[in-house]
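Visitor: Questions regarding the structure given below will be posed in turn.
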Amino acid sequence: MRILVEPSDIILRNAGDSAMLIVALRRLRGEFPEARITVLTQDEETLRAYAPDVEPLSARGRNTWAADLLLLNHLRRLPPPLVTAMRGIGHRLRRHAPGFVRALLRVRGRFRGEVAQYLSAVETSDLVVVGGGGGLTDAFAGYALAFLETLELALERGKPVALMGQGVGPIESAQLRRRTRSVLRRADLIALREDLASRPLLRALAIAEENVVTTGDDAIELAYERRPPAFGAGIGVNVRVAGYAGVSLEDAQSIRSVVAAAAQRLGGPIVPIPISRYEIDSDFATLQEMFPDAALPEPSAFDVAKAIDLAGRCRIVVAGSYHAAVFALSIGVPAVCIASSPYYVDKFNGLAAQFGAGCHVELLHAPDFTTRLERAIDAAWAEAETIRPRLLEAAARQIDAGREAYRRLRAIVNTSNKTHHTR
């Protein structure tokens, strides 16, 4: 049996995305012990370190196949409606004239071996899985359209398709809504990491309810397994400075002031917890700017286990990135989540709904944000010991739901095989 996995991070520079992938691959291996599992990636070395029993496949082939065929990257000044129309033409060509697309790519010198390998991997797969992630949203439209391309290729070849541990939305783009609706309506299973925002969006897109389950985030399992036996004493901090988060360096400095005052008031050391080591949204750079005297780990040597263990040194975590909060809550540590953009508001509110008490969400640009953040930090600190059992129970419940969703994949594959043999 062959399984093709589309991860949420093909470069593996985000501890949260890596944690989701590790758990997804482990669960797939548990359900299909003899399967040949192939993972799209641009970092074979890191992938092999996390999962030595899988086969890496260069994501360049997928990227080339899904790229704009009509040189739209060089036509950014065209009116948006014309760009959208041209993208639609490119999509229809891939769907209905793949031979022409191959010829066009050859002429442009881009039909390398990676494209052929990618198309072969889709063609020969028995199951295509999207690992946990939150990329199906306007904020990451390019990535979303690329992995939807993989799913559509698979579906048109009669392959079963499953999306696991997903956060979906917000999606306002008409093009992305159409593509999402077209592909997800045909998916065999969609496992959501939260109900609050993702499920209503899927209902609005007319996705069949019987194919949708809610499991929580796949990364919960990895953090839960590394939970410390007792509380730490620190105040963990992560701030994501990025356009999609709606947070600036100036915002980060205002957060720093509140956290520093709380550390002095409560007597807990500040523990920076980086999650992303991408250059464009590096938590390392942000945290170093916020806390110049802090001893941050070396980014190149940083991995998932180190991020979780940093959270384990804390009594509470102030989280500006989603997985800093996931790691904290999953080991029983309360999280104070700072949200600004609609994308992060949905993520954090959904996470709070999954864990209940112990997850506080504060809006960065609320008029009384500083006061509210101070109160939330004090409340989380005071409740930490009593709330821990409830957080761990919520984590265990979501882990069970996630494992059950992966068990459903066996029936899906068996049904697909029977249908194929009947034909």
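The values are calculated or read from the model by the stated rules, or taken from the named source; none is laboratory data. Quantities reported herein were computed from a predicted structural model and do not represent experimental measurements. Methodologically, a virtual Cβ is constructed for each residue, glycine included, from the backbone with ideal geometry; neighbour enumeration extends over all protein chains shown. Side chains are part of the model used for accessible areas, which takes the heavy atoms of the whole protein and leaves out ligands, DNA and RNA. Shrake-Rupley method; radii C 1.70, N 1.55, O 1.52, S 1.80 Å.
Visitor: Taking the DSSP beta bridges in the chain as the whole, what percent of them are antiparallel, to the nearest 5?
Guide: If we restrict to bridges inside the chain, about 5 percent are antiparallel.
Visitor: Full-extension gain between A141 and K306, please, as 0.36 nm times their residue separation minus the C-alpha to C-alpha distance.
Guide: Full extension of this stretch gives 56.4 nm more.
Visitor: Turning to a different aspect of this structure: Expressed in nm to one decimal, what extension gain is obtained for the pair E298 and R226 from 0.36 nm per residue of sequence separation less their Cα-Cα distance?
Guide: Working: separation 72, 0.36 × 72 = 25.92 nm, distance 2.12 nm.
Result for the pair: 23.8 nm of gain on full extension.
Visitor: Right, here's the next one. Most fluctuating residue of A49, A319, A242 in a GNM of the chain with Cα springs under 10 Å: which is it?
Guide: A49
Visitor: Keeping all protein chains in the complex and leaving out DNA, RNA and ligands, what accessible area do you get for F369 with a 1.4 Å probe, in Å² to the nearest 10?
Guide: Surface open to solvent at F369 totals about 10 Å².
Visitor: Over all distinct Cα pairs, what is the inverse of the mean 1/r for the chain, reported as the Kirkwood hydrodynamic radius in Å?
Guide: 22.2 Å
Visitor: Ok, one more. What dipole magnitude, in Debye to the nearest 20, does the chain give about its Cα centre under +1 on Lys/Arg Cβ and -1 on Asp/Glu Cβ? All intermediate terms of the calculation are to be shown ahead of the outcome.
Guide: Working: 52 positive and 48 negative charges, 363 e Å.
Dipole about the Cα centre, nearest 20: 1740 debye.
Visitor: Something else about it: For region 225-230, take each phi angle, set θ = phi - 60°, evaluate the Karplus expression 6.51 cos²θ - 1.76 cosθ + 1.60, and give the result in whole Hz per residue in order, putting x for glycine and proline.
Guide: Here the 3J(HN,Hα) series is 5, 9, 4, x, x, 8 Hz.
Visitor: From the phi of every residue in region 376-383, what ³J(HN,Hα) in whole Hz does the Karplus formula 6.51 cos²θ - 1.76 cosθ + 1.60 yield, where θ is phi - 60° and glycine or proline is x?
Guide: My calculation for region 376-383 gives 5, 4, 5, 5, 5, 4, 5, 8 Hz in order.
Visitor: Sort the following peptides by mean Cβ neighbour count (other Cβ atoms within 10 Å, averaged over residues), highest first: 55-64, 27-36.
Guide: 55-64, 27-36
Visitor: May I ask you to order 374-380, 133-139 by the average number of other C-beta atoms within 10 Å around their residues, highest value first?
Guide: Packing proxy ranking, top to bottom: 133-139, 374-380.
Visitor: Let me ask you something else. Please get the size of the charge dipole for region 164-230, origin at its Cα centre, with Cβ charges of +1 on Lys and Arg and -1 on Asp and Glu, quoted in debye to the nearest 20. Display every interim value, and only then the final one.
Guide: On the way: 11 positive and 10 negative charges, 82 e Å.
Around 400 debye, computed over region 164-230.
Visitor: Follow-up. Of I280, I235, which has the most accessible area and how do the rest follow, probe 1.4 Å?
Guide: I280, I235
Visitor: Need the C-alpha centroid separation for region 311-386 versus region 265-281, integer Å.
Guide: 14 Å
Visitor: Here's something else I'd like to know. Between W65, P229, P297, whose Cα lies farthest towards the positive end of the dipole of the chain when Lys and Arg beta carbons carry +1 and Asp and Glu beta carbons carry -1, centred on the Cα centre?
Guide: Toward the positive end, the furthest listed residue is W65.
Visitor: Percent relative contact order of the chain, based on C-alpha pairs within less than 8 angstrom and at least six residues apart? Walk me through the numbers before you get to the answer.
Guide: Numbers: 751 pairs, mean separation 67.7, N = 423.
So the answer I get is 16 percent.
Visitor: In terms of the Cα gyration tensor, with a ≥ b ≥ c the square roots of its eigenvalues, is region 258-349 rounded because a/c is under 1.5, prolate because a/b exceeds b/c, or oblate?
Guide: Rounded.
Visitor: Using θ = phi - 60° and the Karplus form 6.51 cos²θ - 1.76 cosθ + 1.60, what ³J(HN,Hα) does each residue of region 335-350 get, whole Hz, x for Gly and Pro?
Guide: Here the 3J(HN,Hα) series is 10, 10, 9, 9, 10, 10, 6, x, 4, 6, 4, 4, 4, 6, 5, x Hz.
Visitor: Going by amide H atoms built from the backbone, whose H comes under 5 Å of the H on G134, apart from near neighbours?
Guide: Amide H to amide H, under 5 Å and 5 or more residues apart or across chains, G134 pairs with G167.
Visitor: How much accessible area per residue does the chain have, counting only protein heavy atoms and a probe of 1.4 Å, in square angstrom?
Guide: 41 Å²
Visitor: Note down the nm distance, to one decimal, between modelled labels 7 Å out along Cα→Cβ at A401 and at Q175.
Guide: Modelled inter-label distance: 3.4 nm.
Visitor: Still on this structure: Measure off, as a whole percent, the carbon and sulfur share of the 1.4 Å-probe accessible area of the chain, all protein chains present.
Guide: 51 percent
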